[in-house]
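What follows is a set of notes on a single structure, which appears directly below.
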Ligand code: HEC
């Protein structure tokens, strides 16, 4: 059922014969993007079975697109060499705590309970491991500075943050 898609980089395109609907998964930043084109010029009376069939097909296609987008994002995140080596190491929580007290406690409090920076209690419940690493190394949310820990230091820190 693959057909040509108008966009470049499309991973997937489904098409039916009478009415066209195309579902294209575009590859930009691996976020799923749906393009739905219904050609309603065709004035054939649609039988309920066909309608149900189409709804099922469409639902499946959307599900597939969402899954592809989700795994695409995971794939991009996991392919970063720094993240890869951090995640391959076993963090030491005692070291992580010490690193935290030296670098982070000034803003986040000695036990990560919050001062200038927010409390980090249970932070791993709303931030993924990738999100936590990014938060530490990116410098995207000033005034929090950009840190450059070694992969082992980051693994230790990650272990500590996940224990909060
Ligand atoms: C200069 C103060 C400062 C320092 C030093 C600092 N942070 Fe932050 N941090 C912040 C502020 C402010 C925010 C909130 C940023 C925002 O979201 O706008 C933040 C946010 C965070 C978050 C996200 C919290 C959430 O709820 O999503 C994490 C995780 C974090 N910091 C970890 C660290 C770690 C680990 C260190 C040490 C390596 C550190 N921070 C050092 C100020 C600081």
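The values are calculated or read from the model by the stated rules, or taken from the named source; none is laboratory data. Being a predicted model, the structure only gives us computed values, none of them experimental. We place every Cβ from the backbone using ideal geometry, glycine too, and count neighbours over all the protein chains shown.
Observations on the structure shown:
- Scanning region 113-123 for residues that are crowded, with 16+ Cβ neighbours inside 10 Å and more than 8 Å from the ligand (Cβ to nearest atom) yields no hits at all.
- Condition check for residue 96: modelled with pLDDT under 95, crowded, with 16+ Cβ neighbours inside 10 Å and more than 28 Å from residue 71 (Cα to Cα): no
- Inside region 73-87, residues that are touching a residue at least 40 places away in the same chain (Cβ under 8 Å) and more than 15 Å from residue 128 (Cβ to Cβ) make up a count of 2.
- Residues of region 70-82 include at least one that is within 19 Å of the chain's Cα centre (by Cα) and crowded, with 17+ Cβ neighbours inside 10 Å.
- Selection within region 78-112 - in a helix (DSSP H, G or I), more than 9 Å from the ligand (Cβ to nearest atom) and farther than 14 Å from residue 160 by Cα: 78, 81, 82, 83, 84, 85, 88
- Restricted to region 124-152, and to residues there that are more than 9 Å from the ligand (Cβ to nearest atom) and more than 20 Å from residue 75 (Cα to Cα), the residue that is surrounded by the most Cβ atoms within 10 Å (Cβ to Cβ) is 152.
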